[in-house]
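Read through the structure below, which is laid out as structure tokens, and then see the notes.
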Amino acid sequence: MPFDRSVKIAPSILSADFANFGAEIRAIEDQGADWVHVDVMDGHFVPNLTFGPPAVKAFRRHVTTVMDVHLMIAPVDPYIDAFAEAGADILTAHVEAGPHIHRTLQAIRAAGMKAGVALNPGTPAEAVEHLLDLADLVCVMTVNPGFGGQKFIDMTGKVRRLREMIGDRPVHIEIDGGVDPQTAPLVVRAGADVLVAGSAVFKGGSVDAPEVYGDNIRAIRAAAAA
Ligand code: DX5
Ligand code: ZN
């Protein structure tokens, strides 16, 4: 997985048909997705439940790009090896999920994955200042995590600050929540390179009408490039 700062679109399968994940993953990849974003929720760190390591392992068989796993769970550390075994390429933990995020990021890398750290909207950029040499990705939440389809919260000031702090380090800035053709250019201009999008990619399409996914992905990419 060579590092680059080109814009990458990472559809969140939180907005896919939950009874048809394999076909949904193949459809978004065929239609131009760069990464596949997998939202793991525990009903404790966030007020919603999704899926755990066995499901993620089943998704892996269909992912040919990059499987980007976003943990909205606390604690994280007891599950790191299970997600490595499930085949996550990138494993992202929230800085708010526990007192020892430094240890968590080290453990993620030690398990052979890229390490991501996510910040809720209320958490300042400075919370990751001392973690940037341990992280491969910083995920800036532009909604309060837990659900797809929420309204974008403007975090462009935070993104700009992070971009400065990161400097030449090979660290991605990912935006998660409410990304669509209107909001994508704001965050890309501020320095983001990975755009997670759930509803804006899946809306109007299905595995029987996958070209809609392609149109939606191209619309976000075009807006981000403008
Ligand atoms: C929010 C999740 C997101 C979500 C984004 O808790 O982390 O990945 O699926 O969905 P949209 O793009 O619909 O805001
Ligand atoms: Zn996410």
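The values are calculated or read from the model by the stated rules, or taken from the named source; none is laboratory data. What you are looking at is a predicted structure, and each value in this text was computed from that prediction instead of being measured. A quick note on method: Cβ atoms are made from the backbone with ideal geometry, for glycine too, and the neighbour counts reach across all protein chains shown. Accessible surface areas use protein heavy atoms only, side chains included; no ligands, DNA or RNA. Shrake-Rupley method; radii C 1.70, N 1.55, O 1.52, S 1.80 Å.
Across segment 217-222, computed HN-Hα scalar couplings (Karplus, 6.51 cos²θ - 1.76 cosθ + 1.60, θ = phi - 60°) run 5, 5, 5, 5, 4, 5 Hz from first to last residue, x flagging Gly and Pro. Summarising the amide proton neighbourhood of GLY52: residues at separation of 5 or more, or on other chains, whose placed amide H is nearer than 5 Å comprise an empty set.
Using a 1.4 Å probe over the heavy atoms of the protein chains, calculate the carbon and sulfur portion of the accessible area of segment 8-225 as a whole percent. Each step should come with its number before you reach the end.
Details: 4480 of 8680 Å².
Taking all protein chains in place, segment 8-225 shows 52 percent carbon and sulfur surface.
Determine the per residue accessible area of segment 8-225 with all protein chains present and a 1.4 angstrom probe, expressed in square angstrom. Mind dumping the intermediate values first?
Working: 8680 Å² over 218 residues.
I get 40 Å² per residue for segment 8-225.
Restricting the trypsin sites (Lys or Arg not before Pro) of segment 181-221 to loop positions (DSSP other than H, G, I, E, B) with no more than 15 neighbouring Cβ atoms within 10 Å leaves LYS203. The distance between label points at HIS130 and SER6 comes to 3.8 nm (points 7 Å beyond Cα on the Cα→Cβ vector).
Sparse packing (at most 12 other Cβ atoms within 10 Å of the Cβ) combined with a DSSP loop state is found for the following trypsin sites (Lys or Arg not before Pro) in segment 43-121: ARG61.
Compute, for the chain, the length of the dipole vector about the Cα centre, with Cβ point charges of +1 (Lys, Arg) and -1 (Asp, Glu) only. Units Debye, rounded to 20.
Values: 19 positive and 28 negative charges, 56 e Å.
My answer is approximately 280 debye.
The chymotrypsin sites (Phe, Trp or Tyr not before Pro) of segment 2-109 meeting both criteria, a DSSP state outside H, G, I, E and B (loop) and at most 13 other C-beta atoms within 10 angstrom of the site's C-beta, are PHE3, PHE18. Using a probe of 1.4 Å, the accessible surface attributed to MET165 totals some 30 Å² when neighbouring protein chains are kept in position. Rounded to the nearest 0.05, the FRET efficiency derived from the C-beta distance between MET165 and THR65 at R0 = 25 Å is 0.35.
Please tell me the relative contact order of the chain in percent, rounded to the nearest whole number, where contacts are Cα pairs under 8 Å and at least six residues apart.
In percent, rounded to a whole number, it is 20.
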